[in-house]
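The values are calculated or read from the model by the stated rules, or taken from the named source; none is laboratory data. Since the structure is predicted, the reported quantities are computational estimates derived from the model, not experimental observations. FYI the Cβ positions are ideal-geometry reconstructions off the backbone, even for glycines, and counts take in every protein chain you see. To get the accessible areas, we keep the full protein, side chains included, count just its heavy atoms, and leave off ligands, DNA and RNA. Shrake-Rupley method; radii C 1.70, N 1.55, O 1.52, S 1.80 Å.
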Amino acid sequence: MSLPVSNPALLVLEDGRSFAGTSYGATGETYGEAVFTTGMTGYQETLTDPSYHRQIVTQTAPHIGNTGINDEDDESQKIWVAGYVVRDPARVPSNWRAKRSLDDQLKAQNIVGISGIDTRALTRHLRERGAMRAGISTEILDPAALLAKVLEQPPMVGADLAAEVTTFEPYVVPAEGEKRFTVVALDLGIKAMTPKRMAERGIEVHVFPATASLDDVLAVNPDGIFMSNGPGDPETTEHPTTLLKELLQRGKPYFGICFGNQVFGRALGLGTFKLKYGHRGINQPVLDRATGKVEITAQNHGFAVDAPLDGSIETPYGTAEVSHVSLNDNVVEGLKLTGKDGRVLAFSVQYHPEAAAGPHDSAYLFDRFVELMEGRA
């Protein structure tokens, strides 16, 4: 494991704020939406989460890289972040599972990063001004010149990114132990731990590309439908939304997380909107309104469903209502669809119950999906 090499680096935000530091990972230049995540652990899972595609991620925890990189915790085949910002990178990792340093992994996958800047000041700036376009460079060290290139980049609003992160070919994650159900999971940016959590409950998971047709899905004769997390603006998800409408019309049990929650909202006739700076981290408090319990959740989203927090919404498929709410800002964190007999037909949450990395408060949602397919929900 090599020690990080310090080269001058510059971070510039689209409003002109700049931070000078040293390079971390690969050298060069990169552009994306500047966001921050509040997780104090789990940086490997964050980096390999497809939901972070085209985003420059700032770690609010100051010391990053101390446990290195292992071969077990990746959530996908590659690092997806557009760039990486840390305060104090570990010079030497120390963990019995570590195979290489974080700096080496970033270099190997050509991820440009910056270290040694005041990440607290950057985070406070993004909280006040909102997530925005940004660039990191080890080649352009003039703030005005780098800003000009940042302003040429497309914004996250209107970005259709699911097709860039989805699987190219369907694959199957077999049930562990006795098979109880078959589920089609539409990959909008799925994390590896999600089908594993279903497989642990006897579910055979058929992971399909985001472009899968209704005929593709029905050919598997699934007991339930799942839609994953993913990047981009949910207003661009015309195909997944249309597909879900057709499946709801056929009465297929549905469970969606994160991006899948936003697709569910749109299928029910609701709108979505961009949050000022989003929810990212593994310490986000959410109220389950059915039980009154508070869950500490793992989240990564910059958009949210626009739905009334009180009352119900009549849809072509049943009656919808908000099931979960953020305790930080009252953002919709879950939706539930029920039939005339009061039986739950479909549900979704805005967070990541697979808990990779993160707390396990929400693992019960996979059990609730099983109950839904059993007809007991």
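Annotations for the structure displayed:
- Considering segment 314-332, the residues that are farther than 14 Å from Gly265 by Cβ and hydroxyl-bearing (Ser, Thr, Tyr) include one that is least open to solvent (accessible area, probe 1.4 Å), namely Ser326.
- Condition check for His352: at pLDDT below 95 and buried (at least 22 other Cβ atoms within 10 Å of the Cβ): yes
- One residue stands out in segment 253-274 among those that are touching a residue at least 60 places away in the same chain (Cβ under 8 Å), not aliphatic (A, V, I, L, M) and not in a helix (DSSP H, G or I): the one that is most open to solvent (accessible area, probe 1.4 Å), namely Lys274.
- Qualifying positions in segment 163-202 - among the aliphatic types (A, V, I, L, M) and either farther than 20 Å from Ile79 by Cβ or free of Cβ contacts under 8 Å to residues at least 40 places away in the same chain (or both): Val172, Val173, Ala175, Val183, Val184, Ala185, Leu186, Met198, Ala199
- Listed by first and then second residue, the pairs with beta-carbon distance under 9 Å, at least 6 apart or on different chains, first residue in segment 150-161 and more than 20 Å from Thr272 (Cα to Cα), second β-branched (Val, Ile, Thr), are Val150/Val12.
- At least 2 residues being open to solvent by 20 Å² or more (accessible area, probe 1.4 Å) and of a type in the set (A, V, I, L, M, F, W, C) is the threshold, and among the strands (runs of 3 or more DSSP E) wholly inside segment 165-233 those reaching it are 171-173.
- Candidate set from segment 34-43 (those that are under 19 Å from Gln284 (Cα atoms) and at pLDDT 95 or above); member that is surrounded by the most Cβ atoms within 10 Å (Cβ to Cβ): Thr37
- Test for Ile136: is it outside the structural domain of Lys276 (by the TED database), in contact (Cβ under 8 Å) with a residue 12 or more places away in the chain, assigned to a loop (DSSP other than H, G, I, E, B) and buried (at least 19 other Cβ atoms within 10 Å of the Cβ): no
- Single residue of segment 113-133 satisfying the filter (basic (Lys, Arg), in contact with a strand residue (DSSP E or B) (Cβ under 9 Å, 6 or more places away or on another chain) and in a helix (DSSP H, G or I)) that is most open to solvent (accessible area, probe 1.4 Å): Arg129
- Test for Gly334: is it of a type in the set (Gly, Ala, Ser), in contact (Cβ under 8 Å) with a residue 24 or more places away in the chain and in contact with a helix residue (DSSP H, G or I) (Cβ under 8 Å, 6 or more places away or on another chain): yes
- Number of the exception - Thr22 against (1) more than 21 Å from Asn300 (Cβ to Cβ); (2) part of a loop (DSSP other than H, G, I, E, B); (3) not acidic (Asp, Glu): (2)
- Hits in segment 334-349 - residues which are more than 15 Å from Cys258 (Cα to Cα), open to solvent by 10 Å² or more (accessible area, probe 1.4 Å) and at pLDDT 90 or above: Thr338, Gly339, Arg343, Val344, Leu345
- For segment 164-204, the tally of residues that are farther than 15 Å from Phe255 by Cβ and polar (S, T, N, Q) stands at 2.
- Every residue from segment 74-92 that is open to solvent by less than 80 Å² (accessible area, probe 1.4 Å) and out of contact with any Pro (no Cβ under 7 Å at 6 or more places or on another chain): Asp74, Glu75, Ile79, Val81, Ala82, Gly83, Tyr84, Val85, Val86, Ala90
- Residue within segment 304-313 that is exposed (fewer than 15 other Cβ atoms within 10 Å of the Cβ) and either assigned to a strand (DSSP E or B) or of a type in the set (Lys, Arg) (or both) present: yes
- Listed conditions (1) out of contact with any helix residue (DSSP H, G or I) (no Cβ under 6 Å at 6 or more places or on another chain); (2) at pLDDT 95 or above are all met by Leu188, apart from (1).
- Listed by first and then second residue, the pairs linking a residue in segment 10-33 that is open to solvent by 10 Å² or more (accessible area, probe 1.4 Å) to a residue that is modelled with pLDDT under 95, with Cβ atoms under 7 Å apart and 6 or more places separating them unless they lie on different chains, are Thr22/Ser6; Thr22/Asn7; Thr27/Asn7.
- Test result for Ile282, closer than 21 Å to Gln55 by Cα and either in a loop (DSSP other than H, G, I, E, B) or of a type in the set (Val, Ile, Thr) (or both): yes
- Yes/no for Asp361 being among the charged types (D, E, K, R) and more than 16 Å from Gly256 (Cα to Cα): yes
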